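Read-outs: derived from the displayed coordinates by stated rules, not from any lab. It should be emphasised that the depicted structure is a prediction, and the values quoted were computed from it without experimental measurement. Cβ placement follows ideal geometry from the backbone for every residue including glycine, while neighbour counts extend to all protein chains displayed.
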Amino acid sequence: MTFREKMNSSGVSVVLGSYNRLKFLKYTVQSIRNEMKDADFPHEIIVIDGGSNDGSLEWLMKQKDIITIVQHNWGKWEGKSIERRSWGYFMNLGFKSSQGKYICMLSDDCLVIPGAIKFGYAKFENELKKGVNAGALAFYWRNWPEFEKYVVFKFYGLINVNHGLFLRDALDKVGFIDEDNFMFYAGDVDLSFKLNHAGYKLLISDNSFIEHYMHANNKTRVKNLDSFESDNSNFIKKWSAVYPEMDFSPENRSSLIEKGFVDETDTVKIFRKESGFVRLKYKARSIISGKSE
């Protein structure tokens, strides 16, 4: 079998977007490498960069095990400001370029706790063999140091895959991520709704855990919040038309499935070294998505 055939039949494409988070990107990539080095299935790593100017691109170009896609999304060109594209647009660049049977979506400011991808892979394979029409599988994750327990979010009653695995064929059938209606927030929640509406099951991997450090690039995060209100409004408008009986009130927006877990490898020690983190200085909002960029 060719590499493509192996990837199509049993491989995992690990996809993450990045912008000006070189230090944390290195941590994330190393945790992926550590996880996949003894995996019994083929894999690839795909990074979509939004035009970083902190050395990320220079570093990525030297990593021979990473497929790097560069689409400048910041700054100016020929005297004009570059129009920003959506989170969905960037992730779709990686999703559509992938060759794996599964796509593992991660963030460039997270760490894979050993076993997370492999446990998720085994569960997904078992569910498909049992005849379950599974489309996505969520990993537990936490914002360190804010959260003690690990969580999977549910939005309006549906499991949300923030970090986890997607069946690539399922993404293809639902048209991947909606690039047009959501700039940053709600795109991942919308994808869960699309998969569910198409008849796919949304699952959780009980033994898969991710550490997330939400202070890796506060300036970018604060900028992303600008789109929250419009993204939220677009989501409700879109899905209330499909499910008029569903309660889309703020009180019913989100809930948590929490899980205690002790990581004996202390993966988060890498973030602990970054002890000078500064919490975000913006008014707390009840956001629709746990997305970590």
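Annotations
- Taking a straight Cα-Cα cut-off under 13 Å and skipping sequence neighbours fewer than 8 places away in the same chain, the aspartates and glutamates within cross-link reach of Lys118 are Glu35, Asp38, Asp40, Asp206.
- Set of lysines near Lys62 by C-alpha distance (under 21 Å), chain-local residues within fewer than 8 positions excluded: Lys23, Lys26, Lys37
- Along each principal axis, taking the top coordinate minus the bottom one, the Cα set of the range 1-147 gives 57, 39, 29 Å in descending order.
- Two-decimal ratio, the range 1-73, of alpha-carbon radius of gyration to 2.2 N^0.38 Å: 1.17
- Beta bridges per DSSP with both ends in the range 3-272, % antiparallel, nearest 5: 45 percent
- Most fluctuating residue given options Val174, Val15, Val152, as computed from a GNM of the chain linking Cα atoms under 10 Å: Val174
- D_trans [Stokes-Einstein, Kirkwood Rh over alpha-carbon pairs] for the chain, 20 °C, 1.002 mPa s, µm² s⁻¹: 110 µm²/s
- Cα-derived Rg to Rh of the range 100-249, Kirkwood definition: 0.96
- Sorted on the mean count of surrounding Cβ atoms within 10 Å across their residues, most packed first, peptides 62-68, 157-163, 195-201, 241-247 read 157-163, 195-201, 62-68, 241-247.
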